[in-house]
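See below for the structure under consideration.
The values are calculated or read from the model by the stated rules, or taken from the named source; none is laboratory data. Computed from a predicted structure; not experimentally measured. Cβ placement follows ideal geometry from the backbone for every residue including glycine, while neighbour counts extend to all protein chains displayed.
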Amino acid sequence: MKQGGRSASPGCEWPEIFMVLQKICDTCGMANPATEMICMRCFSDISGKKPVERKTIRQREEKGVVKKPPDRRFANIGFDEGRTIREITPLTLSMSPGAVITVHHGDTIGRDAVGRTILQQYNGVSRQHATFKYFNGKWLVRDENSTNGTYIQGKKISPDKWYEIKDGDTISFSSNCTFMVQTI
């Protein structure tokens, strides 16, 4: 019997191709089961995503056990095995008098968002000021079209564009609200 151009004899492994419905996360690219409402890797909302039909290859063994071969496309993407982004990579924004905001992948900070207890006293900070994401082992920030802008190392960033931030950088959410970036 031939499968995929190879002869399959007892004890040999050969690939099988299956069609499955999956939802692809726009944030991290993970293929999730069609029934998921939240991405299993980065916790992004995928409830509005339409499932797409995709091919998946599985190795079949003589004993009837089906194993999926390792997916090498995402081998160096910056994720730890079995742990989500929110579990492994918090970012700390610290201000001089001990004020600290812990930011996770997908968090938006502002007066009505993450860090509200500290940021409410700064009128120059918008309600939804900036969003953070972790991608390919790097932290990125995007200004959410805030009134007074977001600054990295004193330079204003353009709204709706992602910028890399590194350990030790300063990030400002108005002229009088500056934090030091620390990766934990």
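Summary table below
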{"item": "Matching residues, region 9-26, being polar (S, T, N, Q) and either modelled with pLDDT of 80 or more or touching an Asp or Glu at 6+ places or on another chain (Cβ under 6 Å) (or both)", "result": "GLN22"}
{"item": "Tally of residues being under 21 Å from SER44 (Cα atoms) and surrounded by fewer than 21 Cβ atoms within 10 Å (Cβ to Cβ) across region 98-109", "result": "6"}
{"item": "Region 78-129, residues that are among the hydroxyl-bearing types (Ser, Thr, Tyr) and modelled with pLDDT of 90 or more", "result": "THR92, SER94, THR102, THR108, THR117, TYR122, SER126"}
{"item": "All positions within region 111-135 that are touching a helix residue (DSSP H, G or I) at 6+ places or on another chain (Cβ under 8 Å) and crowded, with 22+ Cβ neighbours inside 10 Å", "result": "VAL125, HIS129, TYR134"}
{"item": "Some residue of region 130-138 being in contact (Cβ under 8 Å) with a residue 60 or more places away in the chain, under 20 Å from SER94 (Cβ atoms) and outside any strand (DSSP E or B)", "result": "no"}
{"item": "Residues of region 91-132 satisfying the condition of being more than 17 Å from the chain's Cα centre (by Cα) and among the aromatic types (Phe, Trp, Tyr)", "result": "TYR122"}
{"item": "Unmet requirement for PHE135, which otherwise passes all of (1) more than 18 Å from CYS28 (Cβ to Cβ); (2) hydrophobic (A, V, I, L, M, F, W, C); (3) modelled with pLDDT under 90", "result": "(1)"}
{"item": "Test result for ARG6, surrounded by 11 or more Cβ atoms within 10 Å (Cβ to Cβ), at pLDDT below 80, of a type in the set (Lys, Arg) and under 13 Å from the mean Cα position of the chain (by Cα)", "result": "no"}
{"item": "Count of region 143-184 residues which are in contact (Cβ under 8 Å) with a residue 60 or more places away in the chain, surrounded by fewer than 18 Cβ atoms within 10 Å (Cβ to Cβ) and in a loop (DSSP other than H, G, I, E, B)", "result": "1"}
